[in-house]
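Data first, discussion second: the structure below is written as structure tokens.
Nothing in this text is a laboratory measurement; each read-out follows from the coordinates by a stated rule. Keep in mind that this is a model prediction, so the values were computed, not measured. With ideal geometry, Cβ positions are generated from the backbone for all residues, glycine too; neighbour counts draw on all protein chains shown.
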Amino acid sequence: MGNYLRKVWAVFAKDVRAELRTKDIFSAMFVFSLLATLVFAFALPGKLMEPKEVAGVAPGLLWVAYTFSGVLGLNRSFIVEKDRGSLEGLLLAPADRSAIYLGKMLSNLTFMVLVEILITPIFGVVFNYSMWNPLLIPVVLLGTLGFAEIGTLFAAMAVNTRAREVLLPVLFFSIMLPVIIAAANATTALLSNRPIEDIAGQLQFIAIFDIIFLALPVLLFELVVEE
Amino acid sequence: MATAIKYTRPTKGLGLSNVLFWATVFSWPISLIFVLMAGDDVNLKYSQRIFYYHLPANIMCFLSFMIYFIGGIAYWRTRNRKWDIVMVAGLELGVFWAVIGIITGAIWARYAWGAFWTWDPRLTTVSIMMVVYISGVMLRSSVEDPTRKAALTAAFGIIGFVNVPLVYFSTRWFPKGEHPIIFGGDSGTPVGLEGFMFLTLGVCFVAVGLLFGWMLLARIRLGQMHEELQSRRMALEGMENE
Amino acid sequence: MTNAAHSVMIRAKGLHKNFGNRAVLRGVDLDLRQGEFVTLLGPNGAGKTTLLRILATLARPTSGTIEIAGIALKDARPTIRGLLGVISHQTFLYEDLNAFENLRFYGRLYDVPELEKRIHEVLEKVGLERRAIDRVRTYSRGMQQRLSIARAILHNPPILLLDEPDTGLDRQASNMLSGLIHELAIDGQERSVLMTTHNLERGLAMCDRVVVLAGGKMVADRAATGLTADELQQFYFDSVSRGR
């Protein structure tokens, strides 16, 4: 087990180190989410006057920004591996292949969460609306975990297809809809200062989603990467 | 060395596929007669009749996705290509019946609720499912290597099917809709079905089910023929090289 | 196995591989003994790469059995991967990491003991110790391929699988690579090597045995001793045309 986790960690650490050096993935994700925020602001100018209106649209837009920038990063994470054949290098290693999945999943999760930490306050400033609520942290973390779990598996699938970058969002969004619905709903409740009981169901739901879709990709990863 | 190519004739006579085909041809007019004879619903009047096809269509849609799911699990465990044919059949028929279900549902909704579309939990679930499985079709079409194609289809089918109850559950956080609950249930607008209506529904189930069965067999047969064609083409290319 | 020096490292029996309906391998048998260097020749599309990918556990055979070092492949894939070193025309390297980091990463995946010491050892062997902290992106193709060799031997595998390792290298780099591979094969212990190549001459120079794959079948298998390049050329074309 310790051995297994060391390998998960090795894959994760390798991704983070390469990313620290180039910042390719992170900067693309961040700039994209920033642009998305600005586009929302310009496209919905009237909504920005009334706090009530903002409360209605902001949570949904926030999750749109999260998911779209997330897909950008997910795509990169496997295309980088494919370019020099290093994905095969990983598959040749004497490790259970799920360890590779988990390592990549953790690095994707880290990049997404970092972008979210940066973009959320900016989003609040642009929409002139307080985004601060400590309970938002579990909602965002659980939701993003779901994105990373499904997204990493699908990115590994999409990288072996003709359409590659185009296919991932198509697969990803259709499966992620339940999490997006629940997370956006919980965010709305929190930002309208509704009590915590109002989001317990959503949190539980996303947690169940996360557990199911951690187990399935771990089992299925070998199937999708082998010939 | 020429390989002898044997030609298998398509089944004639009382093959299951033919039985299903003719049973479908006979059962549909009968179901239509039943539907026309069934009494008008008090509130919904004439439009209610489309429901007799709407419900079976949705059940067949679900059944198709279940077939796809089972085929996916079987492929995952065995890596046997025959399951790929089953998966495709389930996938494509599922999308087809989802479209039928949504169209008939929209027609009903237009007359019952005055709008083609509402964000009702069941409607939302079916439409999300349809999107999921259409993206599954896209996934398939963008892979060349048949082995990889089957593997990715299987993985997606398993994930997609497990996702269905989650989708349904998540729709509770949508504004409430007013889809009628046909059997039991404690929310929505109950629609009472009595005597003859039940019988009509049963007849329609049989008619739609027969059509479904025939289509399923036809799609599987098509898949098998496609495989056979490929291997014959390979055999021919092999002979040209000799 | 009484005599360890001649124990069979790879034993493949009746390998079939279909891509859909296309049969790429049609019943391949192959034995590779300890310390043996076998060159695998064959025209394009003969299934050489597929065979190597199956042996490397990257692809699954449609049917047939493989034993590596006496262990059935299907029972212990992760363990068996630890016995293999694979070099292909792709380097498997991360261009944004330096040589040391690349090797450290792979070393961790392969559970290499005393990793740092071993990394310096292999870097020295491939002549890259002075470039160890440069990003791989700045390396020439030949240097990348040398690092790729260092990566493949890092865990000291008893079996090396080489899939056209000299593709894309210029003559000089290719010569250097051959020398390196040859050195590795006899390097202290008895490594078994299976190599595919298009370069008959170079393939012959290093090997103990030549096998020819054509149309998904093994069509020839003979010792390389006393074989000249011209003879091999003739032998190769004869066996390929017989195989069709």
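Odds and ends about this structure:
- Long-range tail of P(r) for the range B:87-131 (Cα pairs > 15 Å, %): 44 percent
- Whichever aspartates and glutamates have a C-alpha closer than 19 Å to that of C:Lys74, once near sequence neighbours (fewer than 8 apart) are set aside: A:Glu88, A:Asp96, A:Glu222, A:Glu226, A:Glu227, C:Asp29, C:Asp31
- Three-way shape label, the range C:89-156, alpha-carbon gyration tensor, a/c 1.5: prolate
- Karplus (6.51, -1.76, 1.60) ³J(HN,Hα), θ = phi - 60°, over the range A:110-122, in Hz, Gly and Pro reported as x: 4, 4, 5, 5, 4, 4, 5, 4, 6, 7, 4, x, 4
- Set of the range A:58-99 residues, backbone N closer than 13 Å to the point 7 Å along the Cα-Cβ line of A:Ser192: A:58-60
- Counting, for every residue in B:150-156, the Cβ atoms of other protein chains within 10 Å of its Cβ and taking the mean gives 6.
- Theoretical gain in end-to-end length, A:Leu114 to A:Leu141 [0.36 nm per residue, Cα-Cα removed]: 8.6 nm
- Taking Cα centre as origin and charging only the Cβ of basic (Lys, Arg, +1) and acidic (Asp, Glu, -1) residues, the dipole magnitude of the range A:132-227 rounds to 280 debye.
- Peptides B:97-104, B:72-79 ranked from most to least packed give B:97-104, B:72-79, packing being the mean of other C-beta atoms within 10 angstrom over each peptide's residues.
- If R0 is taken as 45 Å, the Cβ-Cβ distance between B:Ile107 and C:Gln172 corresponds to a FRET efficiency of 0.05.
- Under 5 Å, built H, 5+ apart or other chain: amide partners of C:Arg60: A:Glu227
- Taking the fewest neighbouring Cβ atoms within 10 Å as the starting point, the ordered list for C:Lys48, C:Lys217, C:Lys13 is C:Lys13, C:Lys217, C:Lys48.
- Label-point gap, in nm, between B:Glu144 and A:Ala163 - each point 7 angstrom along Cα→Cβ: 1.8 nm
- The residues neighbouring A:Thr161, those whose beta-carbon lies less than 13 Å from its own, together hold a net charge of +3 under the Lys/Arg +1, Asp/Glu -1 convention.
- Extension reserve of the C:Asp29-C:Glu129 stretch, reckoned as 0.36 nm per residue once the Cα distance is removed: 31.9 nm
- Mean Cα-pair separation over length for chain C, i.e. relative contact order, pairs under 8 Å, 6 or more apart, %: 27 percent
- Estimated distance in nm for a label pair at C:Ala205 and A:Lys52, the labels positioned 7 Å out from Cα along Cα-to-Cβ: 8.4 nm
- Sum of side-chain charges, A:Asp24 neighbourhood, beta-carbon under 10 Å (Lys, Arg +1; Asp, Glu -1): +1
- Across the range C:89-156, Cα pairs under 8 Å and at least six residues apart give a relative contact order of 48 percent.
- Relative contact order, whole percent, for chain A stands at 26, derived from Cα pairs under 8 Å and 6 or more residues apart.
- The peptide list B:218-224, C:156-162, put in order of mean Cβ contacts within 10 Å with the highest first, becomes C:156-162, B:218-224.
- Dimensionless Rg ratio for the range C:1-136, taking C-alpha atoms and the 2.2 N^0.38 Å reference: 1.24
- Shape category assigned to the range C:45-105 from the gyration tensor of Cα positions, a/c cut at 1.5: oblate
- Prolate/oblate/rounded call for the protein assembly as shown, Cα gyration tensor, a/c under 1.5 rounded: oblate
- Note, ³J(HN,Hα) from phi for the range B:103-113, Karplus 6.51, -1.76, 1.60, rounded to Hz, x at Gly and Pro: 5, 4, x, 5, 5, 4, 4, 4, 8, 7, 10
- Amide proton proximity set for C:Arg191, modelled H, under 5 Å, gap of 5+: C:Gly35
- Rounded Å value of the spacing that divides the Cα centres of the range C:64-131 and the range A:91-157: 30 Å
- Peptide B:139-149, shielding by other chains (average Cβ, 10 Å cutoff): 6
- Taken residue by residue and averaged, Cβ atoms of other chains lying within 10 Å of the Cβ of C:9-22 number 3.
- In this rough spin-label picture, where each label sits 7 Å from Cα along the Cβ direction, the B:Val19-A:Lys82 distance is 4.7 nm.
- Table column - 3J(HN,Hα) (Hz), the range A:93-100, Karplus curve with 6.51, -1.76, 1.60, x for Gly and Pro: 6, x, 10, 4, 5, 5, 5, 5
- Cβ-derived FRET efficiency at R0 22 Å, C:Arg22 paired with C:Asp230, nearest 0.05: 0.05
- Hydrodynamic radius of the range C:107-220 by the Kirkwood approach over all distinct alpha-carbon pairs: 15.4 Å.
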